[in-house]
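Working notes, beginning with the structure itself.
The values are calculated or read from the model by the stated rules, or taken from the named source; none is laboratory data. Only a predicted model underlies this, so the values are computations on that prediction, with no experimental measurement involved. Backbone-built Cβ (ideal geometry, glycine too); neighbour counts: all protein chains shown. Heavy atoms of the whole protein, side chains included, go into the accessibility calculation; ligands, DNA and RNA do not. Shrake-Rupley method; radii C 1.70, N 1.55, O 1.52, S 1.80 Å.
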Amino acid sequence: MNGSSPSLADKAATLTPPITVSRDVAEALQSQRPVVALESTIITHGMPFPQNLEMARQVEADCRAGNAVPATIALLDGEILVGMSAEQLERLANAPSPMKLSRADLGFALAMGRSGGTTVSATMICAALAGIAVFATGGIGGVHRDGQDSLDISADLDELARTAVTVVCAGAKAILDLPRTLEYLETRGVPVLGYQTDHLPAFWSRESPWRVSMRVDTPGQIAATMQARQRLGLGGGVLVTNPIPAADDIPYDLMAVVVEEALQEAKLQRVEGKAVTPFLLSRILTLTEGRSLTANIALVRNNVRLAAAIANSVTERALAEKKGSAA
Ligand code: PSU
Ligand code: MN
């Protein structure tokens, strides 16, 4: 570094929106190499310490093993980070009272200099700002049970309808109303793809009783679908549902009993709003004696591997198209 003229990567590291893109992510984006965005509410609210930090490091390694640069997204002291250093990850995983950030919270958190994990909705927003098209998470939020009365419908669903990022998840947790979640997504024009499955996966379980209408069997078919949607100017995201690996599956009927018990406790203790999902997750962890956490880690890793393969396919297609138009 001679300090006089900043490299292109340095310039890309500070975009006009207040986000800081790490050097390796900026370089990958600039040279059109595959990048996968990763969310951070799973670190701050989804898993206990230290498993949260171990998982965050592990999925970054999985992403690199799949030939894609990981871009973990979070807020630290009012700075939106796209791509985090080892030290920043550690700070986030240990943050004393991190916010759980969705679209509604981002501006406030930025203004107040707060730290927090980004949910699927906020991660999609930041990924799109940075120019990242593929994002891996565990499960998305959805329509809660009795959501038709409480109107507790995750901001994730509307974000999928408006922001053009492909989200790879293991379906939605059975703590939600799965058929209403599917109906809502359909109404809002969000395609739900089943990866090598005809059934909606239910997070800890490979299969739920509900079907998905669009099945894909290869990462290439997903990239082709993304490209076709882009050509049509449809906007909005794509939801890829990827079943948990068979070795870690907890059957749907078994989980249904555990989920029912956790929901009853949440009701008794009058847990509401943003606190509902973290409360249920931690109760389910205790009720399954840790099995749900092992499953959670396995499914996130599985989603990251698929997201990396999709990102590779997307960049291959973009390069092929460029060559085609140059010829
Ligand atoms: N699934 C998990 N762990 C999580 C979440 C989902 O296994 O921590 C998080 C995601 O960040 C998702 C959010 O976007 O929960 C949804 O929260 P809500 O239902 O409050 O919108
Ligand atoms: Mn909610």
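Averaged per residue, what accessible surface does region 143-327 expose to a 1.4 Å probe, in Å²?
Working: 8850 Å² over 185 residues.
That works out to 48 Å² for each residue.
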Inset, instruction - Tabulate in residue order the Karplus-calculated ³J(HN,Hα) for region 225-235, using 6.51 cos²θ - 1.76 cosθ + 1.60 with θ = phi - 60°, rounded to whole Hz; enter x for Gly and Pro. - result: 5, 4, 5, 5, 5, 5, 4, 7, x, 6, x
Inset, instruction - Go through region 120-126 residue by residue and turn each phi into a ³J(HN,Hα) via Karplus (6.51, -1.76, 1.60, θ = phi - 60°); whole Hz please, and just put x for glycine and proline. - result: 4, 5, 5, 5, 4, 4, 5
Legend entry - Whole-Hz couplings from phi, Karplus 6.51/-1.76/1.60, listed for region 154-164; x for Gly and Pro: 4, 5, 4, 5, 5, 5, 4, 6, 10, 10, 7
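In nm, what is the difference between 0.36 nm times the number of residues separating R23 and E260 and their Cα-Cα distance?
Working: separation 237, 0.36 × 237 = 85.32 nm, distance 4.55 nm.
Using 0.36 nm per residue and subtracting the Cα-Cα distance, I get 80.8 nm.
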Inset, instruction - In nm, give the distance between the simple-model label positions of N67 and D253, each being 7 Å from the Cα along the Cα-to-Cβ direction. - result: 4.3
Inset, instruction - Could you tell me what percent of the accessible area of the chain is made up of carbon and sulfur, with a 1.4 Å probe and every protein chain present? - result: 53
Inset, instruction - Scan region 131-222 for trypsin sites (Lys or Arg not before Pro) in coil per DSSP, keeping those whose Cβ has at most 14 other Cβ atoms within 10 Å, and list them by number. - result: R188
Legend entry - Chain lengthening between E90 and T294 when straightened (0.36 nm per residue, less Cα-Cα): 71.4 nm
Inset, instruction - Evaluate the distance, in nm, between pseudo-label points positioned 7 Å from the Cα of K267 and of E316 along their respective Cα→Cβ axes. - result: 5.0
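Whole number please: convex hull volume per residue of the Cα set in the chain, in Å³?
Details: hull volume 46.0 nm³, N = 327.
Taking only Cα atoms, the chain has a hull volume of 141 Å³ per residue.
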Inset, instruction - Tell me the label-point distance for the pair D77, D217, using the 7 Å Cα-to-Cβ offset, in nm and rounded to one decimal. - result: 5.3
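Restricting to the chain, compute how many DSSP beta bridges are antiparallel as a %, nearest 5.
On the way: 12 of 38 bridges.
Percent antiparallel among DSSP bridges in the chain is about 30.
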Legend entry - Pairwise centroid distance, computed over Cα atoms, of region 179-230 with region 131-156, Å: 14
Inset, instruction - Compute from the Cα atoms of region 149-304 the Rg and the Dmax, the latter being the longest Cα-Cα distance, and quote both in angstrom. - result: 16.0, 50
Legend entry - Solvent-accessible area of E27 with every protein chain in place, 1.4 Å probe, in Å² to the nearest 10: 80
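Given region 143-327, what percent of its DSSP beta bridges are antiparallel, to the nearest 5? Working shown, then result.
Details: 5 of 15 bridges.
That works out to approximately 35 percent antiparallel.
I'd like to compare 192-205, 103-116, 57-70: which one has the highest average count of other Cβ atoms within 10 Å, and what's the full order after that? Intermediate values should be presented prior to the final figure.
Values: 192-205: 21.6, 103-116: 15.4, 57-70: 19.1.
Descending packing order for the listed peptides: 192-205, 57-70, 103-116.
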